[in-house]
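The values are calculated or read from the model by the stated rules, or taken from the named source; none is laboratory data. None of the values given here were measured: they were computed from a predicted structure. Cβ atoms come from the backbone with ideal geometry, glycine included; neighbour counts cover every protein chain shown.
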Amino acid sequence: MGKKTGIKPVVENRKARHEYHIKDVYEAGIVLAGTEVKSLRMGKGNLQDAYAVVKDGEVWVRNFHISPYEKGNQFNHEPLRPKKLLLHRREINKLLGLQKEQSHTLIPLKIFFKHGLAKMDLAVAVGKKLYDKREDLAARDAKRAIDRAVKERNKSS
C-alpha cells in the first residue's frame, strides 16, 4: 500500500501534500478512452481539484481534467468525465469504511504509466488546518537554512 513506485509521474498533484495529511497510498488502475491515454502521455492532465468517491462498490475519480487530444477527431473524449479506478474488492471496502466513518478524503496524488498501463496513486487523506500548514512551511524553511549553513561551512573548510 504505502510503497514508492520509483516511476516518473506524467501528471502530479503537488498541492495535495500541502493541503492534506496523507495517511495511506494505494496504486489503482484507471479506465480510460484511447484519446485520453494519448493526451496523458503528452502530460495534458490536471489533478488540482480531483477527488475520488466510492459509489455502488466502485471507486470513481471526479474533476480529473484530461485535455482533448489535439490530433483527435469528433470522437474525442469529454475532458471532465468521471473515470473508474480499478482496485481489489478488499481495498474498496476499506476505502468505503474510511470515507464513511472517519471522514477521510480520497485524493489522487499522481498519474504514471507502469508496463504500458495508466496507474494512479490514490491517497487516503485528512485536511490540514491553517496552523498545520504554517508549521510545515516553518519546518521547511528551517531545514533549508540549516542545509545552507552546512554547505557554506563545508565550502570554507
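Touching a helix residue (DSSP H, G or I) at 6+ places or on another chain (Cβ under 8 Å) and over 26 Å from Thr35 (Cα atoms): is that true of Gly127 in this structure?
In short, yes.
Of these, Lys71, Lys84, Lys110, Lys133, which one is in contact (Cβ under 8 Å) with a residue 60 or more places away in the chain, of a type in the set (Lys, Arg) and not in a helix (DSSP H, G or I)?
Lys110
Can you go through Ala118, Ala52, Ala149, Ala125 and tell me which one is in a helix (DSSP H, G or I) and of a type in the set (Gly, Ala, Ser)?
Matching residue, one of Ala118, Ala52, Ala149, Ala125: Ala149.
So Val59 fits all but one of (1) surrounded by 19 or more Cβ atoms within 10 Å (Cβ to Cβ); (2) free of Cβ contacts under 8 Å to residues at least 12 places away in the same chain; what number is the exception?
For Val59, the exception is condition (2).
For Lys94, work out the one condition from (1) assigned to a loop (DSSP other than H, G, I, E, B); (2) at pLDDT 85 or above; (3) more than 17 Å from the chain's Cα centre (by Cα) it doesn't fulfil.
(1)
Only one of (1) surrounded by 15 or more Cβ atoms within 10 Å (Cβ to Cβ); (2) out of contact with any Lys or Arg (no Cβ under 7 Å at 6 or more places or on another chain); (3) touching a residue at least 12 places away in the same chain (Cβ under 8 Å) fails for Lys94. Which number is that?
So Lys94 meets the others, but not (3).
Among the residues of region 37-54, which ones are under 19 Å from Leu95 (Cα atoms) and surrounded by fewer than 19 Cβ atoms within 10 Å (Cβ to Cβ)?
Hits for region 37-54 are Tyr51, Val53.
Restricting region 16-36 to residues that are of a type in the set (Asp, Glu) and out of contact with any Asp or Glu (no Cβ under 8 Å at 6 or more places or on another chain), which is surrounded by the most Cβ atoms within 10 Å (Cβ to Cβ)?
Taking the candidates together, the pick is Glu36.
Looking only at region 136-146, how many residues end up being acidic (Asp, Glu) and either at pLDDT 85 or above or assigned to a strand (DSSP E or B) (or both)?
Residues flagged as acidic (Asp, Glu) and either at pLDDT 85 or above or assigned to a strand (DSSP E or B) (or both) within region 136-146 amount to 1.
Hey, can you tell me all the residues within region 97-107 that are of a type in the set (S, T, N, Q), out of contact with any Leu (no Cβ under 7 Å at 6 or more places or on another chain) and either loosely packed, with under 11 Cβ neighbours inside 10 Å or part of a helix (DSSP H, G or I) (or both)?
Residues satisfying the conditions are Gln102, Ser103.
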